[in-house]
Structure formats: C-alpha cells, structure tokens
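These notes concern the structure reproduced below.
The values are calculated or read from the model by the stated rules, or taken from the named source; none is laboratory data. As the structure is a computational prediction, the values presented were derived from the model and not from experiment. Glycine also receives a Cβ, built like all others from the backbone with ideal geometry; neighbour counts cover every protein chain displayed. Protein only, heavy atoms only, side chains kept; ligands, DNA and RNA dropped before computing areas. Shrake-Rupley method; radii C 1.70, N 1.55, O 1.52, S 1.80 Å.
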Amino acid sequence: MAEDSSTVRVAMIGYAFMGAAHSQAWRNVHRFFDLGVTPEMAVVVGRDGVKAAAAAERLGWQSSATDWREVIAREDIDVVDICTPGDTHAEIAIAALEAGKHVLCEKPLANSVEEADAMVAAAVSARAQGARSMVGFSYRRVPAVALMHRMIADGAVGEIRHVRGQYLQDWITDPEFPLVWRLRKEVAGSGALGDIGAHVLDMAQFVTGQQITGVAAQTETFVGRRPLPEGDGALGAATAGSGAQTGEVTVDDAAVLIARTDGGALATFEATRFATGRKNHIVLEVNGSTGSLVFEFEDMNGLRYYDGSAGDRAGFARIDVTEPTHPYIDGWWPPGHGLGYEHTFVNQARDFLEAIATGADPTPSFEDGAAIQRLLAGVERSAAADAAWTAI
Ligand code: SOE
C-alpha cells in the first residue's frame, strides 16, 4: 500500500485506445469528484520498452515498465488497471488479485467462460482480503444510461415487454483493412460479438435489471482474409503490410440475435462492424406496459421518454440529462453543457475509487462479467447450430 493510505498508486497494463481513455480518467477523476482516495499514475506497462516510455510521457505516467509480473509484485502498487487484449486478462487479473491488488479489467472480462470463472474465483478470494474488482463496461457510466436504469427501477415504463439493442460500427468494411488483433480469435476471443455486442448486452441487462435466459443467433464473417498488418495493429492506426501476404479472419464480423429475459421480455440485438456509415452507433430501447425509454449514443446527453400516463399529451419527450440531480452530473458542468465519451471513463474511475475508499464492492463485478461471457458463449453455440434456441 502507498505510504499515505489516501493515495492509491495505479499500474496500467496496456496503452492503446483503452489505455489512453483510462489514462485521462486517472488524470482527472480526483479533480472533478470528491473522493476518499487520490490516484497516483505510477507506471504504465507495455511489451515494447521504447513505446511504453513514450506512452508514459504522452499519457502522464510517472514511469514505464515491460514486465507486468514484476510490477504486480511491487509493494507500492495498489491498483492494477488491465487495458490489454482479452487473451491476457485472466492471467494478469488472477495474479494481481492474488497479490492483493484492486483490479479494474477492460471488457469483455475474458476470452472464454472457463477463464471468466477462474477470474471470479480469484475475485471472491481477494474480496475477503479487501481487494476490489470491477469490469469496464463503461457505457453504464453514461449519465443517460444510468438514469434509464433508475427510471425503470422506479417503474417509469411499467412491466417490460421488449428490449432492443444495436451497436453498429463500420471500421472494417474495407477488405484491405489489415488483420489487426481484434480480428484474431486467439487474441480477441470473438469479433463484433465480444467487442461491442458485450457492451449492448450488458447495458440491456443493467437498465432492465433482468438477465437473458435464452437466445437464437446468427453470426457472419463477411471478409474471410485480410492483408497482414505492419506496426502494432492498434485499432485505427493499423496499416496493411507491403507484401501480398494475407491471413484468415477467425472471428465474427457481425452477430444478430433474439432473446428472452427472466422477466418475461422479448429482446433483439445486433452488433456489427459492417454497418457502413455507422461509426459508433448505439441504440437501446425498452418498451414497457406504460411507457418506453430510448437511449442513443449519438445524443448521449439526452434520453427519450414516452410516458403513457400522459393521455393525449403523450409523446416521446427528450430528457436533457445534464441536471445535478442526474447520475454523475454533480461532478461536471452546469445544466445544458453535456459530457462526452471520455467522461464515461472518468465516471467509471470515480465509482471504482469510491468503492476502494468505502470498502464496498463495485459493479459491474467479475460475476457480472462472467455472466456476459456465458451469454457470448451461448450466442456462439446457437450460431454454430444454425440459430437453434440455446439456454444461457
Ligand atoms: C472498438 O470496437 C471499440 O474501441 C470497443 O473496443 C470499445 O469498448 C468501444 O467503447 C468503442 O469501440
């Protein structure tokens, strides 16, 4: 533990897109929220020493390292923040938890149900020693999504009948886009399904408080082979190799599914990287017996609400989710100014640090992450059986 217990020293493993998003959260969280603890950005870890040192400089870390095992063993490290591809989550998280560190792990939790279960076991043991663990489903920290959760819990839409979720991107519609790590099963675990489908499935279960109990699904890989990348293959920064060499895409490009929940609702979801023109298009709609709520990420500071009790004045009204009484807003700007994608990571860091300071267990827990892993595996089982109905 750091000398001063009100300081938590953080080690972040990985420094690409999520590493950059998490770094700006660690830089800012205590400057906007009154927390019992202050994060210190002690060390960023990456396999390439030169690139890790450059990342430390650019992202604001005190130092850099190349051996995560050595960093996790350090007495002066309190938090391990895992921002690496899914194939390393289990090994790093289990080692960190066994070393008594608090662990924040990017989504999806793991690349398999078996790995997720092992991570849950380590989290349960570590919890008994006071170590906190959380998985980074960051969209739960969009104020409008947190408000949707609160309104549904308060009965604002009545009994839930339908849930409809979309997460649409288009960054690999060009067949010449290279074979980056997100397109290789041995590294990413799955494709659009686990990368963005996991988000919208978690959002749906979070806002409704219901669990998906069965699915029927189809997946598709539209482009089966791609040029091998030059460079580190980071999302968006990848360039196709100069040679004509190609490699097999071993993950889904898209997944579509229908589902039932334990609350008796019917649901439909799609996650794709081939929705040409859709850059990061997330829509979550819940229809209930007395009303509906719709969240759209492209209007992330708004939430549309149809209040069926309004009689002939009923209509979809847009709630401006920027009031201090709305989730997270009390730490930010006056009404009407709004937040961006990056603020969801600050809100996430705030909840994680608050849990550490108060000794509470943050959500989503590793158990919540493992539940999503089971759901992803069920979708893949159904798709492999030509959309056979599959219990989760
Ligand atoms: C790529 O699809 C990605 O970066 C996801 O990995 C993130 O979780 C999502 O927030 C944005 O898109």
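When only the heavy atoms of the protein chains count and the probe is 1.4 Å, how do His326, His30 rank by accessible area, highest first? Walk me through the numbers before you get to the answer.
Numbers: His326 25, His30 55 Å².
Ranking His326, His30 by accessible area, largest first, yields His30, His326.
What percent do you get for the relative contact order of region 7-139 when only Cα pairs under 8 Å and 6+ apart count? Show your work: numbers first, answer last.
On the way: 243 pairs, mean separation 29.8, N = 133.
Computed value for region 7-139: 22 percent relative contact order.
Sort Lys185, Lys279, Lys101 from largest to smallest accessible area, using a 1.4 Å probe on the heavy atoms of the protein chains. Don't jump to the answer; show the numbers that get you there.
Numbers: Lys185 90, Lys279 135, Lys101 15 Å².
Largest to smallest exposure gives the sequence Lys279, Lys185, Lys101.
Quick check on the chain: what are the equivalent-ellipsoid semi-axes from the Cα gyration tensor, as sqrt(5λ), descending, whole Å?
Details: eigenvalues 200, 154, 81 Å².
So the equivalent ellipsoid measures 32, 28, 20 Å along its semi-axes.
Quick one: which residues, 5 or more positions from Val44 or on another chain, have an amide H under 5 Å from its amide H? H modelled 1.01 Å from N in the peptide plane, none for Pro or chain starts.
Met12, Ser63, Ser64, Ala65
Net charge around Leu266, counting only other residues with Cβ within less than 14 Å of its Cβ (Lys, Arg = +1; Asp, Glu = -1)?
Values: positive: Arg161, Arg164, Arg260; negative: Glu159, Asp262, Glu285.
It works out to a net charge of 0.
Calculate one ³J(HN,Hα) per residue across region 55-72 by plugging θ = phi - 60° into the Karplus curve 6.51 cos²θ - 1.76 cosθ + 1.60, and present them in order as whole Hz with x for glycine and proline.
Per-residue couplings from phi come out as 5, 4, 5, 6, 9, x, 9, 5, 7, 9, 8, 10, 10, 5, 4, 5, 5, 5 Hz.
Considering only the chain, what is the antiparallel percent among its DSSP beta bridges, to the nearest 5? Please report the intermediate quantities before stating the final value.
On the way: 44 of 73 bridges.
So the antiparallel bridges in the chain amount to around 60 percent.
Quick one: accessible area per residue over the chain, 1.4 Å probe, rounded to a whole number of Å²?
40 Å²
With every protein chain kept in the model, how would you rank Phe177, Phe316, Phe295 by accessible area, 1.4 Å probe, largest at the top? Working shown, then result.
Numbers: Phe177 30, Phe316 105, Phe295 0 Å².
Largest to smallest exposure gives the sequence Phe316, Phe177, Phe295.
Residue-wise, which Karplus ³J(HN,Hα) couplings in Hz belong to region 382-387, taking 6.51 cos²θ - 1.76 cosθ + 1.60, θ = phi - 60°, and x for glycine or proline?
Rounded to whole hertz, the list is 5, 4, 6, 10, 6, 6.
Per-residue counts of other Cβ atoms within 10 Å, averaged by peptide: what ranking do you get for 109-118, 345-354, highest first?
Values: 109-118: 21.8, 345-354: 23.5.
Ranked by mean Cβ neighbours within 10 Å, highest first: 345-354, 109-118.
Rounded if a/c is under 1.5, else prolate if a/b is larger than b/c, else oblate: which is region 111-205, with a ≥ b ≥ c the root eigenvalues of its Cα gyration tensor?
Values: a/c = 2.47, a/b = 1.13, b/c = 2.19.
Taking the square roots of the gyration eigenvalues as a ≥ b ≥ c, region 111-205 is oblate.
Compute for region 7-139: radius of gyration divided by Kirkwood radius, i.e. Rg/Rh, restricted to C-alpha atoms, rounded to two decimals. Mind showing how you got there, number by number?
Details: Rg = 13.8 Å, Rh = 14.7 Å.
Using Cα coordinates only, the ratio equals 0.94.
Enumerate the calculated ³J(HN,Hα) couplings along region 335-349 in order (Karplus 6.51 cos²θ - 1.76 cosθ + 1.60, θ = phi - 60°), each rounded to whole Hz, writing x wherever the residue is Gly or Pro.
Along region 335-349, the couplings run x, x, 8, x, 10, x, 3, 5, 5, 5, 6, 5, 4, 5, 5 Hz.
Taking H placed 1.01 Å from N in the peptide plane, check which residues at least 5 places from Ile319 or on another chain put their amide H under 5 Å from its amide H.
Leu303, Arg304, Tyr305
In terms of Cα to Cα distance under 27 Å, which lysines are near enough to Lys51, apart from those fewer than 8 places away along the same chain?
Result set, ordered by chain and number: Lys101, Lys107, Lys185.
In debye, nearest 20: dipole of region 7-139 around its Cα centre with unit charges on the Cβ of K, R (+) and D, E (-)?
Values: 12 positive and 17 negative charges, 81 e Å.
The calculation lands at about 400 debye.
Evaluate the relative contact order of the chain (contact order divided by residue number), counting alpha-carbon pairs under 8 angstrom at least 6 apart; express in whole percent. Don't skip to the end; give the middle numbers.
Values: 913 pairs, mean separation 79.9, N = 392.
In percent, rounded to a whole number, it is 20.
Of all the accessible heavy-atom surface of the chain, with the other protein chains kept in place and a 1.4 Å probe, what percent is carbon and sulfur?
50 percent
Post the alpha-carbon centroid distance, region 165-229 to region 327-376, in whole angstrom.
Cα centres, region 165-229 to region 327-376: 22 Å.
Determine the distance separating the Cα centre of region 68-129 from the Cα centre of region 287-313; give it in Å without decimals.
With region 68-129 and region 287-313 each reduced to a Cα centre, they are spaced 38 Å.
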